[in-house]
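Read the structure below first, then the notes.
Please treat every number below as a calculation from the coordinates, not as lab data. No experiment lies behind these values; they were computed from the predicted model shown. Glycine also receives a Cβ, built like all others from the backbone with ideal geometry; neighbour counts cover every protein chain displayed.
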Amino acid sequence: MPSDPLVRLQLAFLTGQSNPQCCALSAQQTHFGRALLGPGRALRMQNFPYQEATPAHAPVALWRASWHNAAQYLSSRRPGFVRRYRDAVLQMLDAAPHTLVLSGSCGLELLSNLMLPADALLRISLLAYGPVARRAPACARLLTVAASADWISRLGYGPAMRSIAGGHMDYLAQPELLALAQRFVSEVEAGLP
């Protein structure tokens, strides 16, 4: 997505890849992201690693998605992960002056392990829902959200800044998360130069 001078804030998902062959947004991600759009905002239609030439999203079995996400979580701790994906993420960030990253599950670990430069992190605000990560990167703004029945996030990250109803697999279907995200995107936008 080339830089558009009218776009002040880009919205981009960063989650583990349930299907490593595809980074197109799911219908649920697309619906959630579009609900956050407004003047000067754009939604990146690809998830991590932001390849524009990607097959359409196709659901995969939960066990397979879990396997792929766990493997990606572990491989993100190796030096090859940075070499393979860092430039793609930096190129995605260059598409707008500021990016609100919508990070689900292990996406927070993936983002942290990319070891992005400080100037790039200052152009990121981060909404991490159901985070599974050892730490969060030092970005401009951070909001972590965990669901009351999400034992995966509680074990894999710890206490979050906000709590909502639900479990690990249904964050984007929760109206409470959408309301938090809408407030957060407005706060982020209000703080932009």
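Summarising the amide proton neighbourhood of L142: residues at separation of 5 or more, or on other chains, whose placed amide H is nearer than 5 Å comprise L126. Distance from the C-alpha centroid of region 6-75 to that of region 144-189: 17 Å, rounded to the whole angstrom. Scalar couplings 3J(HN,Hα) for region 125-140, obtained by applying the Karplus form with A = 6.51, B = -1.76, C = 1.60 to θ = phi - 60°, are 10, 10, 10, 9, 10, x, x, 10, 6, 7, 6, 10, x, 7, 8, 4 Hz; x denotes Gly and Pro.
Think of each Lys and Arg Cβ as +1 and each Asp and Glu Cβ as -1; about the Cα centre, that makes the dipole of region 9-190 roughly 380 debye.
Summarising the strand pairing of the chain, around 5 percent of its internal DSSP beta bridges are antiparallel.
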